[in-house]
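A short write-up of the structure that comes next.
The values are calculated or read from the model by the stated rules, or taken from the named source; none is laboratory data. Remember, predicted model here, so these are calculated numbers, not experimental data. Glycine gets a Cβ as well: all are built from the backbone with ideal geometry, and neighbour counts include every protein chain shown. Surface accessibility is based on the protein's heavy atoms, side chains included, excluding ligands, DNA and RNA. Shrake-Rupley method; radii C 1.70, N 1.55, O 1.52, S 1.80 Å.
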Amino acid sequence: MSLVRTEKLSKTFEGGRKAVDEVSLSIEEGEAFGLLGPNGAGKTTMVLMLACLLRPTTGDAWVDGASVIQDSLRVRRAIGVVPQEIALYPTLTARENLEFWSVMYDVPSRERKKRIQELLVVVGLADRQNERIDRYSGGMKRRVNIAVGLLGRPKLLILDEPTVGVDPQSRNSILETLKELNSQGLTLLYTSHYMEEVEFLCPRVAIMDQGRVIAHGTQEELRLLVGEQDAITIQLGSVPPDDILDKVHAIEGVSAAHHSEGDLTVLSNSGRRVLPAVLDQLFDAGVKVRSVAVREPNLESVFLHLTGKELRD
Ligand SMILES: Nc1ncnc2c1ncn2[C@@H]1O[C@H](COP(=O)(O)OP(=O)(O)O)[C@@H](O)[C@H]1O
Ligand SMILES: [Mg+2]
């Protein structure tokens, strides 16, 4: 069963602006699902409706079987939310903030201390927990916010652009932490306008623009929409035998193979999948390989292909 399902979920704000327009999608348990779209696409509005903080105009959504309209209490128990804006008390320490929020999240009092300590370790702040939040960097504040989102032991963690305003090093550490949490079974809904983050974290992605989901599927499925093939370029270190192109061409999934000036170029709908077989053929023929590069259409090219504009303005 899907952990999240939305059915023609829509939100029209006063003045008639359709921020979210009939979005239907589902997220399976254990998945890291990406919602990718430029500013104003409707990502935060989606998140707020799933978190029962904003009522849908029409349509509905279910989290763990509970409707956001009919059964918001059960939805809230199943989710943790890391909002776009930092929601912490600047004059309190990280630990004090977590203590405050653990009361709000009904963490049983005898479990609080242990859970807070565990979460401070998870987000890598155990050694800085007694410093005031206003002395923290943007990235550290984000990490406290992630710990807050995890306090209620949610099945689903929803993160709304959690790396905006964060330095690159903290950004990587946040993404690594989320990947680790996901590998331990936590379901993630991750919104971003950064293609690289979604590519790193989320095998399945919905691309949003102007309130609509314009495409969704696995990254590979989305890349196929562009209609461009992956190109593998292999720099050879020795002269290959005459039949090497035939052998490479015979590999399932390879649509073309060329050899010129010491470079072997292979075209395929799935460069990563055919690469090992191509290298095996070269190895069997005793050909030396100097370097390998795979160029594949990315989510940015998918967005450009579908909307005619860049993801980032
Ligand atoms: N409270 C609101 N009232 C009116 N319009 C809003 C409100 N919140 C968001 N919008 C509009 O809805 C659209 C989607 O916004 P949002 O969900 O914040 O997008 P994103 O998070 O993808 O940047 C935008 O055009 C935004 O201006
Ligand atoms: Mg937003």
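Restricting attention to segment 153-175, the residues that are more than 11 Å from the chain's Cα centre (by Cα), within 16 Å of ligand 1 (Cβ to nearest atom) and among the β-branched types (Val, Ile, Thr) total 2. How many of the residues making up segment 1-31 are near ligand 1 (Cβ under 8 Å from one of its atoms) and out of contact with any strand residue (DSSP E or B) (no Cβ under 7 Å at 6 or more places or on another chain)? Total satisfying the criteria: 3. For segment 241-252, check the following and say yes or no: at least one residue is open to solvent by 30 Å² or more (accessible area, probe 1.4 Å), closer than 27 Å to Asn298 by Cβ and not small (Gly, Ala, Ser). Looking for residues that are open to solvent by 30 Å² or more (accessible area, probe 1.4 Å), closer than 27 Å to Asn298 by Cβ and not small (Gly, Ala, Ser), one finds at least one in segment 241-252, hence yes. Contact annotation: residue pairs with Cβ atoms under 7 Å, 6 or more positions apart or on different chains, pairing a residue in segment 83-107 that is within 21 Å of Leu159 (Cα to Cα) with a partner that is among the aromatic types (Phe, Trp, Tyr) and open to solvent by 80 Å² or more (accessible area, probe 1.4 Å), are Asn97/Tyr89; Phe100/Tyr89.
As a summary of the residue check, Gly42 satisfies the conditions (1) within 13 Å of ligand 1 (Cβ to nearest atom); (2) within 26 Å of Val148 (Cβ to Cβ); (3) surrounded by fewer than 20 Cβ atoms within 10 Å (Cβ to Cβ) except for the one numbered (3).
From the list Leu54, Leu50, the lone residue that is modelled with pLDDT of 95 or more and open to solvent by less than 20 Å² (accessible area, probe 1.4 Å) is Leu50. The residues in segment 25-39 that are in contact with a Leu (Cβ under 7 Å, 6 or more places away or on another chain) and open to solvent by 30 Å² or more (accessible area, probe 1.4 Å) can be counted, and the count is 2.
Each residue in segment 261-276 was checked for being in contact with an Asp or Glu (Cβ under 8 Å, 6 or more places away or on another chain), assigned to a helix (DSSP H, G or I) and surrounded by fewer than 19 Cβ atoms within 10 Å (Cβ to Cβ), and 1 of them qualify.
For (1) in contact (Cβ under 8 Å) with a residue 24 or more places away in the chain; (2) within 30 Å of the chain's Cα centre (by Cα), each residue gets a yes or a no:
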| residue | (1), (2) |
| --- | --- |
| Thr233 | yes, yes |
| His249 | no, no |
| Glu261 | no, no |
| Pro276 | no, yes |
| Arg290 | yes, no |
| Val302 | yes, yes |
| Arg312 | yes, yes |
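Within segment 1-35, the set of residues being over 13 Å from Leu50 (Cβ atoms) and among the acidic types (Asp, Glu) comprises Glu14, Asp21, Glu22, Glu28, Glu29, Glu31. When Gly16 is tested against (1) out of contact with any Gly (no Cβ under 9 Å at 6 or more places or on another chain); (2) part of a loop (DSSP other than H, G, I, E, B); (3) open to solvent by less than 20 Å² (accessible area, probe 1.4 Å), exactly one condition is not met: (3). Please tell me if Ala94 is within 16 Å of ligand 2 (Cβ to nearest atom), open to solvent by less than 70 Å² (accessible area, probe 1.4 Å), out of contact with any Phe, Trp or Tyr (no Cβ under 6 Å at 6 or more places or on another chain) and not β-branched (Val, Ile, Thr). No, not satisfied. Each residue in segment 32-63 was checked for being part of a loop (DSSP other than H, G, I, E, B) and either touching a strand residue (DSSP E or B) at 6+ places or on another chain (Cβ under 6 Å) or among the aliphatic types (A, V, I, L, M) (or both), and 8 pass.
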